[in-house]
1. Kindly indicate whether any position in region B:16-33 is touching a Cys at 6+ places or on another chain (Cβ under 7 Å) and either within 27 Å of A:Ala172 (Cβ to Cβ) or modelled with pLDDT of 85 or more (or both).
2. Can you tell me which of A:Val116, A:Val79 is of a type in the set (A, V, I, L, M) and surrounded by 14 or more Cβ atoms within 10 Å (Cβ to Cβ)?
3. Only one of these is in contact with a Gly (Cβ under 8 Å, 6 or more places away or on another chain), more than 11 Å from chain B (Cβ to nearest Cβ) and surrounded by fewer than 21 Cβ atoms within 10 Å (Cβ to Cβ): A:Leu153, A:Leu205. Name it.
4. Is one or more of the residues making up region B:212-227 surrounded by fewer than 21 Cβ atoms within 10 Å (Cβ to Cβ) and either among the hydroxyl-bearing types (Ser, Thr, Tyr) or in contact with a His (Cβ under 9 Å, 6 or more places away or on another chain) (or both)?
5. Quick one: which of B:Ala133, B:Ala138 is over 20 Å from the mean Cα position of the chain (by Cα), part of a helix (DSSP H, G or I) and away from every other protein chain (no Cβ under 14 Å)?
6. Does any residue of region A:21-41 turn out to be among the polar types (S, T, N, Q) and crowded, with 22+ Cβ neighbours inside 10 Å?
Amino acid sequence: MILTPRRIVGLALIALALACAALADVIAPHDPLRSSVAFLSPPSAAHALGTDELGRDVLSRVIHGARTSLVIGFGAAVVAMAIGAPVGLFAGYFGGRVDVVTVVLIDLFVSLPGLVLALVITVMVGPSLQNLALVLGFVMWPGVARLVRGQVLAIREATFIEAARAVGGTPAWIISRHVWPNTMRVAAAQFAVSVSFAIFTSSSLSFLGLGIPPPTPDWGGMVRTGYDFLAINPLLSLGPGAAVTVTVLGFYLVGSSVE
Amino acid sequence: MSALLEVRDLTVRFSGRGQVVNAVHRVSFDLAPGETVALVGESGCGKSTIGLAIMGLTGVARAGDLTGAITLTFKAGKRRDLMGLSDRAMQAVRGNEVAMIFQEPMSSLNPVHTVGWQIREAITQHQGASRTAADDSALGLLKQLGIPDAERCLRAYPHQLSGGMRQRVMIAIALSCRPSLLIADEPTTALDVTIQAQILELLKRLQAQTGMAILFITHNFGVVAEIAKRTMVMYAGQIVEAGAVSEVFHAPRMPYTRALLDSLPRLDRAAPGGRLPAIPGQVPSPSALPPGCAFHPRCRYALPGLCDGRTPALEMCDDRRVVRCLRWTEIAA
């Protein structure tokens with residue numbers, strides 16, 4: 001991968017989010033779950049972003065929230081990839097009726113707004129870390145499938161695919177060893193975009209009250225709680241909001257830098 | 001001695017959007033073990049389609065669009081009609097019994113894998129060889145092909161190799177399972193002339209070593225003379241003349257062959273007025289062939305009332321020579 005300015009910024013932002021998630025216990029100044037009597041205190045040396053309505057340190061909660069967001073983001077992207085990539089490979093390679101049915105199915109999914117679909121399913125299955133990742137992955141797989149299928153359509157006409165058939169390759173071998181590696185570049189980009197979409201959407205769901213149940217620190221939920229106290233300490237909302245922006249932007253910059 | 005490959009009445013039609021294109025029409029020929037036969041013709045005459053049909057790779061699925069018989073004698077000795085084989089059985093034939101090399105060495109290799117990987121995969125497809133054993137035979141193959149610094153070549157990606165090198169790698173992949181028949185579809189067309197000569201020499205040497213037969217598809221008569229003993233000339237999906245290369249070249253019977261040979265630049269025969277004679281007109285569209293002889297609108301020997309009405313059959317003119325022309329006896333005289 002060539003490092004363009006766009007990618008350097010994106011990777012730096014991702015690195016920041018990953019560092020927060022991995023080193024949360026070390027770098028967070030306080031326990032994100034421990035409340036104190038200092039409710040809604042303004043920013044100070046001890047609490048850089050102040051405390052929330054239960055007296056918990058907001059900065060520590062923002063740092064720990066990176067874990068929740070990244071787990072959902074990556075989990076959902078893995079689910080989307082695991083469903084979408086095989087479907088796209090299969091439909092694109094074999095074409096014909098299988099392809100037509102798949103494309104109709106994909107178009108059906110894509111025509112529904114992702115957030116609404118995720119909202120409806122989350123209401124049905126109930127919010128939890130695991131469910132959110134599964135639901136968002138399920139919402140995103142058609143996008144992956146469509147992209148992979150498009151790539152496969154171009155690749156399957158290449159001479160090296162014909163050459164692979166001419167040495168007696170089975171369809172499974174040709175798809176896994178010759179077609180898939182050639183779609184991986186675009187699939188990886190779509191993976192990054194999926195992570196950013198999943199984090200953004202899960203934060204939106206949390207903001208609407210369908211997110212991770214408390215007391216787990218979660219950016220979307222924190223923005224929602226802080227919303228009630230904007231006049232007292234706007235950083236309650238702005239802190240986690242900025243964290244969502246930075247993380248989503250990082251993954252999006254990297255993902256969209258390919259084509 | 002029975003033939004290695006017997007093609008009988010092979011017909012390939014591409015149909016779609018209400019159009020039917022007769023790419024190959026009732027083509028029959030034999031190939032003896034260890035023999036090289038050149039299939040010559042203009043672009044679009046169906047010569048590549050014949051190669052793909054033998055491999056079962058025409059992509060034609062509709063019943064009736066692919067007819068005839070392609071009988072191959074397997075290495076184990078049994079004879080089977082390839083047209084009747086299942087997809088799975090055909091996969092075992094490709095690479096193992098019949099291998100193919102293509103015109104474009106640039107795009108015939110997968111850009112994301114190393115050369116060594118691609119040769120090894122071709123080997124492990126058919127033989128239960130271990131990875132290291134396959135790597136060893138890949139190295140051996142490249143050495144046999146006279147590739148200098150074979151170890152480095154195995155680790156290279158296709159874009160790091162020259163066109164001639166890539167075609168050698170393709171040949172190595174094709175030969176990795178020791179097929180008894182190699183279909184070479186214009187393997188030298190994309191290469192420059194010195195490399196062409198090297199590849200032809202290489203194919204001849206490998207043929208002498210392995211005893212495989214080669215069906216060499218080309219539009220280049222110079223290459224035909226270089227590599228083959230026997231040739232078949234195709235026009236509009238049909239064989240129009242076949243025989244020993246020396247005879248066909250020195251005494252072409254079919255006006256098309258004659259016109260093709262006349263349109264080659266030659267040192268010993270300066271063209272009058274300094275211009276090469278060209279064949280007038282265009283190759284007919286295979287979906288709209290003219291009535292009678294397919295070549296008659298472009299033929300300078302064509303007789304109105306004869307050539308545009310009757311369809312010529314392939315006639316034996318002597319024991320090894322066939323020609324498809326209504327007037328070949330008059331023209332030869």
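The values are calculated or read from the model by the stated rules, or taken from the named source; none is laboratory data. Because the structure is a prediction, the values reported are computed rather than measured. Neighbour counts are summed over all protein chains in view; Cβ atoms, including those assigned to glycine, are modelled from backbone coordinates with ideal geometry.
1. Taking region B:16-33 as the starting set, the residues that turn out to be touching a Cys at 6+ places or on another chain (Cβ under 7 Å) are none.
Looking through region B:16-33, none of the residues is touching a Cys at 6+ places or on another chain (Cβ under 7 Å) and either within 27 Å of A:Ala172 (Cβ to Cβ) or modelled with pLDDT of 85 or more (or both).
2. Values: A:Val116 fails: surrounded by 14 or more Cβ atoms within 10 Å (Cβ to Cβ).
Selected residue: A:Val79, the only one of A:Val116, A:Val79 that is of a type in the set (A, V, I, L, M) and surrounded by 14 or more Cβ atoms within 10 Å (Cβ to Cβ).
3. Numbers: A:Leu205 fails: surrounded by fewer than 21 Cβ atoms within 10 Å (Cβ to Cβ).
It is A:Leu153.
4. In the first step, residues of region B:212-227 are kept if they are surrounded by fewer than 21 Cβ atoms within 10 Å (Cβ to Cβ); the result is B:219-222, B:225-226.
Next cut, either among the hydroxyl-bearing types (Ser, Thr, Tyr) or in contact with a His (Cβ under 9 Å, 6 or more places away or on another chain) (or both) only: none.
The answer is no; no qualifying residue exists.
5. Working: B:Ala138 fails: away from every other protein chain (no Cβ under 14 Å).
Exactly one of B:Ala133, B:Ala138 is over 20 Å from the mean Cα position of the chain (by Cα), part of a helix (DSSP H, G or I) and away from every other protein chain (no Cβ under 14 Å), namely B:Ala133.
6. Initially, region A:21-41 is screened for residues among the polar types (S, T, N, Q), giving A:35-36, A:41.
Pick out the ones that are also crowded, with 22+ Cβ neighbours inside 10 Å and you get none.
No, region A:21-41 contains no residue that is among the polar types (S, T, N, Q) and crowded, with 22+ Cβ neighbours inside 10 Å.
Residue-by-condition table, conditions (1) farther than 30 Å from A:Ala19 by Cβ; (2) in contact (Cβ under 8 Å) with a residue 24 or more places away in the chain:
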| site | (1), (2) |
| --- | --- |
| A:Ala46 | no, no |
| A:Val62 | no, yes |
| A:Ala76 | no, yes |
| A:Ile83 | yes, yes |
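Rundown of residues vs (1) of a type outside the set (Ser, Thr, Tyr); (2) in contact with a Ser or Thr (Cβ under 7 Å, 6 or more places away or on another chain); (3) within 14 Å of chain B (Cβ to nearest Cβ), yes/no style:
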residue	(1), (2), (3)
A:Tyr93	no, no, yes
A:Val104	yes, no, no
A:Phe138	yes, no, no
A:Val167	yes, no, yes
